[in-house]
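S.K.: Here it is, the structure in full.
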Amino acid sequence: MQESGGKRFEGKVVAVAGGSSGLGLHIAQAFAGEGARVVIAARDGERLQTAAEAMGAIPVACDITSFDSVAALASETLERCGRLDVAVNSAGFEQQTAVRDITPETLEPMVAVQFTGAVYFLRHMANAMAAGGSIVTISSLTGVLVPQNYAAYAGAKAGINHVTKIAASEYGADGIRINAVAPSVVETPMTAHLLAIPAVESAFLEQTPLGRMSVPADVSSAVLWLASDDSSYITGQVLVVDGGTSTRKLPSNDDVARHLKNAAADS
């Protein structure tokens, strides 16, 4: 466990859904490093236990697509920690499907995790915050701009962006701030298959004014800021963390094809 020392989240209880791997794990570790008592939730029991032991967190098995399972996460957090101050939803998965190819098998699981489950999380976590608090959902730049082949994923993210604003309006009087963070592509295991293709990375870098890909610390820093008292007058916002890509565009299929062609010509 972390020792005291004037850290921002000393004495605070933080629940992180999707906290056993990838971006969620990095966020949970960042909160632990700032003195928080961290609860991490995920479906993969073995990986969840390993991650929790490594950072001194409390593991809680949770299926974010289940209303009752998310309710149990809130209840167990209160039972074991006595309070809930911050909740972060980083549960999710990536999928590329063109609209012409969408089927129930590609659409429904995506909506269940990225939208329905995210709404359940907002609802149960906010209702558990008796003394106010902060909730942050990990959204995506694809829910702000217009990507190709991401209708299910981006549509769900755009939906939760709007629900974030509605929930912020409804819970503001309770002292609960609700925001989202919308990163561009972040170098995590979820995106490794994309960024392993040099042409894909080149296409993203071409549309990124800051000239580099995002790393987990870029996102966790934004999350911790939104969760802290430093942003105490900020709610109902979707904070884009993208190195400036939103001032340009997300790369299209044609952009990637052009970079593939250029790479082949140079080889």
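S.K.: What residues qualify as long-range amide H neighbours of residue 66, i.e. H under 5 Å apart, gap of 5 or more or another chain, H built at 1.01 Å from N?
M.R.: none
S.K.: Could you tally the net charge around residue 112, taking each other residue with its Cβ under 13 Å from the Cβ of residue 112, Lys/Arg +1 and Asp/Glu -1? Could the numbers behind the result be given before it?
M.R.: Values: positive: 43; negative: 63, 105, 108.
Result for the local shell: -2.
S.K.: Using only Cα atoms, locate the centre of segment 1-63 and the centre of segment 227-245, then give the distance between them in Å, rounded to an integer.
M.R.: Cα centroid of segment 1-63 versus Cα centroid of segment 227-245: 21 Å apart.
S.K.: Where does the charge balance sit around residue 164 when Lys and Arg score +1, Asp and Glu -1, over other residues with C-beta under 15 Å from its C-beta? Intermediate values should be presented prior to the final figure.
M.R.: Numbers: positive: 123, 157, 165, 177; negative: 170.
My count for the surroundings of residue 164 gives +3.
S.K.: Taking the Cα centre of the chain as origin, work out the dipole magnitude from +1 charges on Lys and Arg Cβ and -1 charges on Asp and Glu Cβ, in debye rounded to 20. Kindly include the intermediate steps, with their values, before the conclusion.
M.R.: Values: 18 positive and 27 negative charges, 83 e Å.
It comes to approximately 400 debye.
S.K.: Another one. Quick check: pseudo-label points 7 Å beyond the Cα along Cα→Cβ at residue 106 and residue 225, how many nm apart are they?
M.R.: Using points 7 Å along Cα→Cβ, the separation is 3.6 nm.
S.K.: List, in order, the whole-Hz ³J(HN,Hα) value for each residue of segment 99-107 obtained from phi through the Karplus relation with A = 6.51, B = -1.76, C = 1.60 and θ = phi - 60°; use x for Gly and Pro.
M.R.: In residue order, the calculated couplings are 4, 5, 10, 5, 10, x, 5, 8, 7 Hz.
S.K.: Helix-derived [θ] at 222 nm for the chain: sum -39500 (n - 2.57) over DSSP H runs of at least 4, divide by residue count, nearest 500? Please list the in-between numbers first.
M.R.: Details: 10 runs with 118 residues, N = 267.
Helices in the chain give a 222 nm mean residue ellipticity of -13500 deg cm²/dmol.
S.K.: Hey, another quick one. Tabulate in residue order the Karplus-calculated ³J(HN,Hα) for segment 38-55, using 6.51 cos²θ - 1.76 cosθ + 1.60 with θ = phi - 60°, rounded to whole Hz; enter x for Gly and Pro.
M.R.: 10, 10, 10, 10, 6, 8, 6, x, 5, 5, 4, 5, 5, 5, 5, 4, 5, 10
Taken together, the values in this text are just the output of simple stated rules run on the coordinates, not laboratory data. Treat the numbers as computed from the prediction; the structure is a model and nothing was measured. Neighbour counts run over all protein chains shown; Cβ positions are idealised from the backbone, glycine included.
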